[in-house]
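Since the structure comes first, as structure tokens, the remarks are kept for the end.
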Amino acid sequence: MTDIDSTADGLRAAAPSGSASDAAPVRHAQWSSRLAFILAATGSAVGLGNIWKFPYITGEYGGGAFVLVYLACIAVIGIPIMMAEVALGRRGGQSPINTMRRILREDGRSRHWALIGWLGVAAAFLILTFYSVIGGWAVAYVVRAGGGAFSGASSDGIAALFSGLLASPGELLFWHGVFMALTVAVVARGVSGGLERATSILMPALFVILLVLVGYALASGHFSQGLRFLFSPDFSKIGVGGVLAALGHAFFTLSLGMGVMIAYGSYLPRGVSITRTAVSVSVMDTTVALLAGLAIFPLVYANGLEPSAGPGLVFKTLPLAFGQMPLGGLFGAAFFVLLVFAAWTSSISLLEPLVEWLEEHRGVRRGIAAAAAGIVAWVIGIASALSFNLWADVRPLGMFAAFADKGIFDLLDYLTANLMLPLVGLATAVFAGWVLSPRILEGELSEGRGHVFRLWRFLIRWVSPVAVAAVFWHNLG
Ligand code: TRP
């Protein structure tokens, strides 16, 4: 026995890569290439957050200043934390919770840090409950666009179409169910091959159709007004709440603070630069969000709408363009199909962590775990769907001044994106920057160039945690 063991150790020690992390005994399958990882991570990142949420919260917080703070958060907080998550994942080579446990054991740190993994699973599940409701709106709009509902409609007609959808609980629950079923169907089979290939075609297609819409916005005669709204900062409009929203959205849109990137990183082959990969994913994600903004805000001005129209913004603006352009029905249906697809590749990454945990720790079969979790998420999501109609006046935390005007949907969105994600992100930064021995992640991040690792370490120790803590502090005060 001893002989065999020492031989195995000898082989490992002689392995050419020479990285300390080769000691990890079990590693599961890996992405076929750097591109495959980028596609999967981009699929998770690019979703409703970019096309639905970014424009409407930018509109609510007054434009330019919000966009600037958001971009800064992506660069100095989001990218370093994404690098930390991917590096932890590749170092541990397992599901987020087990990855955390293994690294904690190896480095002799308190087991309590594994809480990061648990909170992530909980946050992901909560987000899924309302994400699917909005995904359902997008599915409903595929049908409306295909049926020619937008053609020649005035902005009042388009607005009425949207309020008609929101006013019908039955319809909302039906589409919410359709979207959840799509999500369950993929997770039940395991996230693999087919999805990867579909993403590599549909993501670029979404990009192209957004470019067409930006072209349309260019011709609307109000492009410069939209441009000014997005990029000329007026800091009197943003307020501390806006800074927190920008920070929270940076986490939301990059799929950070929930262990998703730990899970995806665990499939990343060695020798792939985590820095370059994290930067690519973040740049693509940000580009999609900015293109959506450039397509939407000129239309807002061209049609006398309000930038602060709220969660319906995308659904009240883009259909106007589809209603006026040649072949608009076809274009509109194509756009909403691609939006559904983008949302779908994201919602999969929201359901996956819980299903993976049920499978690994409770021995539940994957198909059953996915279906059960999906049904529970659908049922909890009913509350969000009804908060747009029957329960529009319900204020669950109305006794607190800060939440007095927040309905069920707003509250869930706020609690997850603005509190849970940044808190888990803060914990991840403190953990990776201060608690863990530097040698644990150095092999993953230095890539033979010490300055990359030193810059990352400076950001993760000083910039990310201090910025997140400061934003929280100001919001409490
Ligand atoms: N990033 C996705 C979007 O912008 C949403 C999402 C998917 C997400 N997985 C996540 C957000 C994990 C936070 C954490 O639509």
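The values are calculated or read from the model by the stated rules, or taken from the named source; none is laboratory data. If you're wondering where the values come from, they're calculated on a predicted model, not measured in any experiment. Here the Cβ is made from the backbone with ideal geometry for all residues, glycine too, and neighbour counts use every protein chain on show. Quick note on the areas: whole protein, heavy atoms, side chains included, nothing else; ligands and nucleic acids left out. Shrake-Rupley method; radii C 1.70, N 1.55, O 1.52, S 1.80 Å.
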Inset, instruction - Give me the pairs, please: first residue somewhere in segment 122-148 and more than 10 Å from the ligand (Cβ to nearest atom), second residue anywhere and of a type in the set (S, T, N, Q) and part of a helix (DSSP H, G or I), beta-carbon distance under 7 Å, and either six or more positions apart or on two chains. - result: LEU126/THR416; THR129/SER384; PHE130/SER384; SER132/THR183; SER132/SER347; VAL133/SER384
Inset, instruction - Could you tell me which numbered condition GLU60 fails, if it satisfies all but one of (1) closer than 28 Å to ALA370 by Cβ; (2) more than 12 Å from the ligand (Cβ to nearest atom); (3) charged (D, E, K, R)? - result: (1)
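Matching residues to (1) within 20 Å of the chain's Cα centre (by Cα); (2) of a type outside the set (Phe, Trp, Tyr); (3) on the phi < 0 side of the Ramachandran plot:
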{"residue": "PRO204", "(1), (2), (3)": "yes, yes, yes"}
{"residue": "PHE207", "(1), (2), (3)": "yes, no, yes"}
{"residue": "GLY221", "(1), (2), (3)": "no, yes, no"}
{"residue": "ARG228", "(1), (2), (3)": "no, yes, yes"}
Inset, instruction - Output yes when any residue across segment 184-193 is at pLDDT below 95, in a helix (DSSP H, G or I), within 14 Å of the ligand (Cβ to nearest atom) and open to solvent by less than 40 Å² (accessible area, probe 1.4 Å), and no when none is. - result: yes
Inset, instruction - Go through the residues of segment 388-404 one by one and say whether even a single one is at pLDDT 95 or above and within 25 Å of the chain's Cα centre (by Cα). - result: yes
Inset, instruction - Report those helices (runs of 4 or more DSSP H) wholly inside segment 338-441 carrying at least 1 residues which are farther than 22 Å from MET83 by Cβ. - result: 366-386, 408-413
Legend entry - Residue list for segment 408-448, filter: in contact with an Asp or Glu (Cβ under 8 Å, 6 or more places away or on another chain) and open to solvent by 10 Å² or more (accessible area, probe 1.4 Å): SER437
Inset, instruction - Can you work out which of the residues in segment 63-96 that are within 14 Å of ALA417 (Cβ to Cβ) and within 13 Å of the ligand (Cβ to nearest atom) is farthest from the chain's Cα centre (by Cα)? - result: TYR70
Inset, instruction - Go over the candidates ALA123, ALA138, ALA65, ALA114 one by one and state the one that is modelled with pLDDT under 95, closer than 23 Å to TYR414 by Cβ and touching a helix residue (DSSP H, G or I) at 6+ places or on another chain (Cβ under 8 Å). - result: ALA123
Inset, instruction - May I ask you to list pairs of residues, at least six apart or on different chains, whose Cβ atoms are under 7 Å apart, with the first in segment 245-257 being near the ligand (Cβ under 10 Å from one of its atoms) and the second being aromatic (Phe, Trp, Tyr)? - result: HIS249/PHE54; HIS249/TYR70; THR253/PHE54; GLY257/PHE251
Inset, instruction - Note down all Cβ pairs under 9 Å where the first residue falls in segment 345-366 and is more than 9 Å from the ligand (Cβ to nearest atom), the second is among the acidic types (Asp, Glu) and open to solvent by 20 Å² or more (accessible area, probe 1.4 Å), and they're at least six residues apart or on different chains. - result: ARG365/GLU359; ARG366/GLU356; ARG366/GLU359
Inset, instruction - Identify the residue in segment 26-41 that is open to solvent by less than 10 Å² (accessible area, probe 1.4 Å) and within 16 Å of the ligand (Cβ to nearest atom) and, among all such residues, is modelled with the lowest pLDDT. - result: PHE37
Legend entry - LEU230 vs. criteria open to solvent by less than 10 Å² (accessible area, probe 1.4 Å), assigned to a helix (DSSP H, G or I) and touching a residue at least 40 places away in the same chain (Cβ under 8 Å): yes
